[in-house]
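Below is one structure; the comments refer to it alone.
The values are calculated or read from the model by the stated rules, or taken from the named source; none is laboratory data. The structure displayed is predicted, hence computed values, not measured ones. Methodologically, a virtual Cβ is constructed for each residue, glycine included, from the backbone with ideal geometry; neighbour enumeration extends over all protein chains shown. Each accessible area value is taken on the protein alone, full model and side chains, heavy atoms only, with ligands, DNA and RNA left out. Shrake-Rupley method; radii C 1.70, N 1.55, O 1.52, S 1.80 Å.
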Amino acid sequence: MHEFLPPSRSDRLRGIGLIVGLLSLFALISALVDDDASVTVAAPGTDGSVLEVGDIALDKERHEVLREFQLLALLMENAGIVVTRQTLIDRVWGFDYVGDTKTLDVHVKRLRAKVEPSPDRPERLVTIRGLGYKLNS
């Protein structure tokens with residue numbers, strides 16, 4: 001028979017943080033997707049905390065650390081510029097990431113489902129074959 005220790009205070013706090021993160025993800029998704037496939041968020045702050053590319057807006061202050069959020073923010077900060085796959089992986093997952101690079105493709109696919117009118121024919125978040133991705137306005 002296995003015995004388990006009750007969760008420590010730090011474990012409970014991490015669990016609460018995870019719940020808050022999931023709720024934040026839901027809020028982000030809700031903000032990114034509406035009936036018209038356009039984005040609406042709170043009015044931009046004066047401190048540059050809201051990134052806007054075309055009709056996509058991202059409030060940098062309203063999130064927990066989420067890979068999708070980090071990926072979208074990085075692409076928006078470099079809108080119109082090809083960001084290499086390696087740069088995306090290094091900046092979002094870290095220089096020491098040793099996992100499968102297909103993880104990036106999965107996250108890009110999820111983002112496309114949220115920001116593209118037709119995710120199967122992307123026009124905003126495009127693949128630049130052999131290089132990386134580019135976010136168009």
What's the total number of residues in segment 112-137 that are surrounded by fewer than 18 Cβ atoms within 10 Å (Cβ to Cβ) and either free of Cβ contacts under 8 Å to residues at least 60 places away in the same chain or part of a strand (DSSP E or B) (or both)? 13
Inside segment 99-111, the number of residues satisfying the requirement of being farther than 18 Å from L131 by Cβ and loosely packed, with under 10 Cβ neighbours inside 10 Å is 2
Does at least one position in segment 67-80 carry a residue that is among the acidic types (D, E), more than 13 Å from N136 (Cα to Cα) and modelled with pLDDT under 85? yes
Kindly provide the set of residues from segment 83-98 that are open to solvent by less than 100 Å² (accessible area, probe 1.4 Å) and within 11 Å of G132 (Cβ to Cβ), ordered by number. V83, T84, R85, T87, L88, I89
